[in-house]
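Chemist: One structure, as structure tokens, below. Some questions next.
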Amino acid sequence: MAGEPVVLGIETSCDETGVGLVVGGELRANVLASSAAEHARFGGIVPEVASRAHLAEMLPTLSAACRTAGLGLGDIDAVAVTSGPGLAGALLVGVAAAKGLALALDRPLYGVNHLCAHVAVDTLVAGPLPANSVALLVSGGHSSLLHVSDIVTDVRPLGATIDDAAGEAYDKVARLLGLPFPGGPPVDEAAAAGDPGAIVFPRGLTAPKDQEQHRFDFSFSGLKTAVARWVEQQRADGTAIPVADVAASFQEAVADVLVAKAVAACRDVSADTLVIGGGVAANSRLRALAAERCRAAGIRLRVPPPGLCTDNGAMVAALGALAVERGLPPSAGDFGADPGMAVTEILNPGPGRSVG
Ligand code: KG4
Ligand code: ZN
């Protein structure tokens with residue numbers, strides 16, 4: 001490998017076909033094709049539709065990424081692909097494409113964890129992550145607090161949602177309010193014109209009795225139900241729904257709990273850096289509240305720009321590039337898609353092998 005390694009990243013775990021190119025830790029291309037519009041009328045992702053869209057978009061997205069970066073396939077030194085977690089059929093498309101490419105180019109292939117990639121993407125913007133950091137990972141399918149000693153080799157869960165993920169709560173509340181799918185962006189937008197103190201919605205798992213067992217866990221199902229009940233009551237009373245106020249009050253409840261627990265987790269493990277990743281990290285209120293409370297607590301906050309928070313190929317290339325830089329062994333050729341991949345498994349070594 002002459003000069004800085006060129007690492008290609010392929011992401012297909014959900015509804016975004018993403019291809020990223022990272023050269024020596026620098027982002028050169030990040031191209032996305034989304035099937036979100038095809039799922040909108042169902043109010044959620046339809047796995048088969050997502051898989052077929054990945055198949056159609058894989059080669060055009062790959063070509064566009066190479067064009068953007070001014071690189072040819074032959075310039076690629078290593079290939080990284082999301083191995084899991086995610087939708088089985090969707091993951092399979094990316095893994096099959098990456099295997100074909102790695103085999104044809106005779107380059108090493110790294111099957112990486114989507115959740116860790118959401119954290120690793122921040123290194124493209126803010127440089128190496130300090131050795132003792134906390135990550136708040138908030139996406140459509142996951143909400144977790146992680147103790148990150150080393151994003152390529154040592155990630156440990158501190159807590160996670162016991163029911164809905166934060167993004168899922170956004171999507172469900174958007175539906176209740178008649179806003180489109182995915183719900184995060186329209187709720188965020190509607191909230192800008194609302195009063196976050198208009199309605200006091202519950203903060204899940206923050207009562208003193210929850211501190212022992214669920215200190216760093218989340219629950220958003222009760223919040224979603226509370227919003228549904230409130231909206232139903234208004235409708236029963238024949239009152240118009242104040243969409244902006246409901247959105248702002250719901251958003252405040254989500255951001256309040258996420259930030260409070262993240263700051264407490266930093267204190268608990270004596271971390272001075274908090275990184276927030278995943279689609280919900282694009283949320284304006286979460287970003288503002290985290291900045292405010294981290295400043296007050298003396299914690300350094302790192303949040304990637306919104307375009308790198310939602311699913312993309314750059315995040316996969318970023319984690320792959322770190323594995324290459326460390327000289328970690330690539331995945332065995334027979335590694336597969338792993339829909340339930342645990343967050344502690346940062347790289348998929350393949351059946352019967354262990355990494356590092
Ligand atoms: O990480 P991501 O792109 O996909 C998964 O890995 O799940 O996250 C998607 C989730 C969706 O639930 C979407 O509604 C939410 O992220 N999201 C947001 C915002 N943008 C996307 N939630 C709140 N505010 C936003 N601005
Ligand atoms: Zn994601």
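The values are calculated or read from the model by the stated rules, or taken from the named source; none is laboratory data. This structure is a prediction, so every number in the text was calculated from the model and none was measured. All Cβ positions, glycine included, derive from the backbone under ideal geometry; neighbour counts span all protein chains shown. For the accessible areas, the whole protein counts, side chains as well, though only heavy atoms, and no ligand, DNA or RNA atoms are used. Shrake-Rupley method; radii C 1.70, N 1.55, O 1.52, S 1.80 Å.
Chemist: Can you find even one residue in the range 8-15 that is away from ligand 1 (no atom under 16 Å from the Cβ) and open to solvent by 10 Å² or more (accessible area, probe 1.4 Å)?
Modeler: We begin by selecting, within the range 8-15, every residue away from ligand 1 (no atom under 16 Å from the Cβ); these are 8.
Filter again for open to solvent by 10 Å² or more (accessible area, probe 1.4 Å), leaving none.
No, the range 8-15 contains no residue that is away from ligand 1 (no atom under 16 Å from the Cβ) and open to solvent by 10 Å² or more (accessible area, probe 1.4 Å).
Chemist: Another one. Tell me, yes or no, whether the range 31-40 has at least one residue that is part of a loop (DSSP other than H, G, I, E, B) and closer than 18 Å to Ala88 by Cβ.
Modeler: Yes: the range 31-40 contains one or more residues that are part of a loop (DSSP other than H, G, I, E, B) and closer than 18 Å to Ala88 by Cβ.
Chemist: Also, quick follow-up: Could you list, in sequence order, all residues of the range 277-298 that are over 17 Å from Pro185 (Cα atoms) and either touching a Pro at 6+ places or on another chain (Cβ under 8 Å) or open to solvent by 40 Å² or more (accessible area, probe 1.4 Å) (or both)?
Modeler: Glu292, Arg293, Arg295, Ala296, Gly298, listed by residue number.
Chemist: Determine whether the range 195-205 contains at least one residue that is under 18 Å from the mean Cα position of the chain (by Cα), open to solvent by less than 50 Å² (accessible area, probe 1.4 Å) and away from ligand 2 (no atom under 16 Å from the Cβ).
Modeler: No, the range 195-205 contains no residue that is under 18 Å from the mean Cα position of the chain (by Cα), open to solvent by less than 50 Å² (accessible area, probe 1.4 Å) and away from ligand 2 (no atom under 16 Å from the Cβ).
Chemist: Go through the range 299-352 and report how many residues are more than 19 Å from the chain's Cα centre (by Cα), in contact (Cβ under 8 Å) with a residue 24 or more places away in the chain and open to solvent by 50 Å² or more (accessible area, probe 1.4 Å).
Modeler: Within the range 299-352, residues that are more than 19 Å from the chain's Cα centre (by Cα), in contact (Cβ under 8 Å) with a residue 24 or more places away in the chain and open to solvent by 50 Å² or more (accessible area, probe 1.4 Å) number 6.
Chemist: A follow-up question, please. Which members of the range 16-54 meet the condition of being free of Cβ contacts under 8 Å to residues at least 24 places away in the same chain and either under 17 Å from Ala98 (Cα atoms) or open to solvent by less than 20 Å² (accessible area, probe 1.4 Å) (or both)?
Modeler: Ser35, Arg52
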